[in-house]
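In what follows, a single structure is set out as structure tokens and then discussed.
The values are calculated or read from the model by the stated rules, or taken from the named source; none is laboratory data. The model shown is predicted, which means the values in this text are computed figures rather than measured ones. Cβ placement follows ideal geometry from the backbone for every residue including glycine, while neighbour counts extend to all protein chains displayed. The accessibility values were calculated without ligands, DNA or RNA, using every heavy atom of the protein model including side chains. Shrake-Rupley method; radii C 1.70, N 1.55, O 1.52, S 1.80 Å.
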Amino acid sequence: MSTAKKDVKRITTHILQSMKQEGEKISMLTAYDFSLAKIVDAAGIDMILVGDSASNVIAGHETTLPITLDQMIYHASAVIRAVKRCFVVVDLPFGTYQGNSTKALDSAIRIMKESGAHGVKLEGGEEIIESVERILSAGVPVMGHLGLTPQSIYKFGTYTVRAKEKAEADRLIKDAKLLAKTGCFGVVLEKIPAKLAKRVSKAIKIPTIGIGAGPDCDGQVLVLHDVLGITKDFNPRFLRRYLNLYDEIHEAIGNYVDDVKSGDFPSAKEQY
Ligand code: KIV
């Protein structure tokens with residue numbers, strides 16, 4: 001178990017809010033399946049994001065765009081069956097909420113009803129505010145996502161740091177304030193300068209969760225497969241790996257192959 005101070009049975013949006021007020025950092029990781037979500041939850045994580053990064057790390061797509069609502073519901077259901085304590089938020093995938101707030105509400109309701117998730121996350125600011133409002137009006141907790149928003153990768157063209165220029169930074173602060181005022185319970189800040197993330201975190205009352213956004217966010221999120229070192233070729237500056245599972249799994253499977261080929265497995269004890 002981690003050193004998390006909060007001795008709570010279930011993390012709620014109210015608890016996340018109080019963590020910001022009391023200066024306790026919020027820990028968040030992605031998860032997409034039952035077995036790993038069970039370990040992540042048991043280890044004391046505050047929030048799990050069933051991210052549309054599943055499109056990359058689980059399905060092997062180059063971007064997050066191809067993943068569907070049905071696939072997100074499948075991943076989210078597996079995660080929900082595994083967790084006891086943490087708050088589970090699920091990405092609304094590309095094409096299920098932009099430009100149509102009725103469709104956005106339908107998508108959010110499907111996620112909540114069919115997976116049992118605790119909230120949803122949408123990428124964007126002012127341009128999606130109607131969708132955010134409508135989802136909130138149904139009582140569904142909404143998390144925002146600003147800065148590098150991977151669903152817009154073909155607009156940006158690259159995965160480099162966002163909002164380095166004043167105009168984009170000002171717009172981001174405005175969007176963060178709007179999301180907070182509208183009723184979002186938190187906002188992810190992805191790949192923006194640390195100084196800007198600090199300004200945003202001070203300017204709004206809801207928790208900011210950073211990824212590549214420096215130490216002054218109210219919490220941090222990373223992709224689980226990166227943290228565990230299963231993805232080997234993704235090495236951004238903001239990533240800290242806690243394991244090197246790619247090499248460990250590679251070696252273990254190599255040993256298994258050798259044992260099968262040599263007839264060493266199964267042994268006398270490993271048969272009926
Ligand atoms: O999909 C995802 O994993 C995310 C995180 C990178 C914040 O949105």
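Any chance you could tell me what percent of the C-alpha pair distances in the range 73-121 go past 15 Å?
40 percent
Listed highest first by mean packing, meaning other Cβ atoms within 10 Å per residue, what order do 79-92, 229-242, 130-143 come in?
79-92, 130-143, 229-242
Over the Cα atoms of the range 47-137, what radius of gyration and what Dmax do you get, in Å?
12.5, 35
Leaving out ligands, DNA and RNA, and with a 1.4 Å probe, what % of the accessible surface on the range 161-272 is carbon or sulfur?
55 percent
Keeping all protein chains in place, calculate the accessible area per residue for the range 1-154 (probe 1.4 angstrom), answer in Å².
For the range 1-154, the per-residue accessible area is 43 Å².
Working with all protein chains in place, sort K269, K38, K113 by solvent-accessible area computed with a 1.4 Å probe, largest first.
K269, K113, K38
Farthest toward the dipole's positive end in the range 124-172, which of L172, G139, I153, given Cβ charges of +1 (Lys, Arg) and -1 (Asp, Glu) about the Cα centre?
Projecting each Cα onto the dipole axis, the largest value belongs to I153.
Using a Förster distance of 22 Å, how high is the FRET efficiency between A167 and K202, based on the Cβ-Cβ distance and rounded to 0.05?
So the FRET efficiency works out to roughly 0.60.
Could you check the spin-label model distance between D7 and I249? Points 7 Å from the Cα along Cα→Cβ, value in nm.
3.7 nm
Ignoring everything except DSSP H segments at least 4 long, calculate the 222 nm mean residue ellipticity for the chain; use -39,500 (n - 2.57) per segment, divide by total residues, nearest 500.
-12500 deg cm²/dmol
Stokes-Einstein D for the range 76-184 at 37 °C, 0.692 mPa s, Kirkwood Rh over Cα pairs, in µm²/s?
224 µm²/s
If R0 is 30 Å, what FRET efficiency do you get for R240 and F265 from their C-beta distance, rounded to 0.05?
0.25
For the range 3-155, how big is Rg over Rh, using alpha carbon atoms and the Kirkwood form of Rh?
Rg/Rh: 0.95.
Calculate the tail of P(r) for the chain: the fraction of all Cα-Cα distances greater than 23 Å, expressed in %.
53 percent
Just reorder H61, H14 by solvent-accessible area, largest first, 1.4 Å probe, all chains present.
H14, H61
Between H14 and R85, what FRET efficiency follows from the Cβ-Cβ distance if R0 is 22 Å, with the result rounded to 0.05?
FRET efficiency, H14 to R85: 0.90.
Can you tell me which of 115-123, 16-24, 44-52 comes out highest on packing, and rank the rest after it, using the mean Cβ neighbours within 10 Å?
Peptide ranking by packing, descending: 44-52, 115-123, 16-24.
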